[in-house]
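*Asks:* I'd like to ask you about the structure that follows.
We did not get these values from a lab; they are worked out from the coordinates using the rules stated. Small disclaimer: the values here were computed from a predicted structure and weren't measured.
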């Protein structure tokens with residue numbers, strides 16, 4: 001008897017189900033942001049927890065001799081145009097590239113789309129849990145005197161300034177965290193793990209399977225590297241956040257693969273024995 005997999009069956013996909021999943025994830029993110037993230041600082045709670053977690057990350061990086069964020073950023077602070085470019089890259093590529101690859105995958109390879117959609121969804125869900133359990137003040141806020149910053153806490157403890165600049169505040173970009181709209185839709189303490197890294201590596205892995213063109217595969221391999229540079233030079237993430245992003249993607253693959261395999265077994269069990277013997281094309285109602 002021939003056992004079929006999604007690679008050998010036509011896979012029926014519904015764009016509206018994928019859109020509903022995106023909306024569901026945003027609603028969950030919004031709930032966790034309001035309950036655990038920077039948004040609750042608006043009601044007067046000092047960002048002590050996020051600052052304490054930041055000090056843990058800094059101590060761990062110093063112990064590993066990788067606390068290089070101030071040095072890396074310092075090399076480029078005198079180049080305003082350069083910093084503005086990376087502010088824009090940080091705020092736009094993360095969504096545009098991931099969305100483009102997601103749509104490309106949906107249209108070009110429906111047979112593997114459910115697996116990699118599951119991986120992306122599981123990775124994002126695990127990251128949201130991480131944001132909730134480990135609110136982390138990013139490097140750019142350590143020396144900041146703003147509502148979300150840690151300068152007052154550091155001064156009260158006699159901690160010297162870290163020398164990391166909020167590049168978006170200093171040089172500008174496509175948006176501002178100081179605007180009321182951004183404060184309501186963003187969690188400024190959602191730094192660990194870095195979804196920028198997790199999603200960029202996901203994009204690279206998917207593109208590698210979608211094309212054999214050498215130039216495209218080279219760009220796909222470079223994309224996570226330049227993303228790592230972007231999140232550090234703008235002061236939005238610690239290097240360990242990137243490590244956390246990779247680990248989260250790995251865990252997301254395990255979870256996403258398990259969901260995919262479970263659904264494949266469920267679909268195969270629904271096929272008639274004669275259809276399995278014939279090995280003809282069948283329709284897979286994969287997880288959406």
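*Asks:* Using only the Cα atoms of segment 190-269, what do you get for the radius of gyration and for Dmax, in Å?
*Replies:* Just the Cα atoms of segment 190-269 yield Rg and Dmax of 15.2, 51 Å.
*Asks:* Which values of log₁₀ I(q)/I(0), to two decimal places, follow from the Debye formula for segment 116-271 at q = 0.11, 0.20 Å⁻¹ with a uniform point scatterer at every Cα?
*Replies:* -0.55, -1.26
*Asks:* Then there's this: Subtracting the Cα-Cα distance from 0.36 nm times the residue separation, let me have the gained length for residue 80 to residue 23 in nm, one decimal.
*Replies:* Extending this stretch completely gives an extra 16.9 nm.
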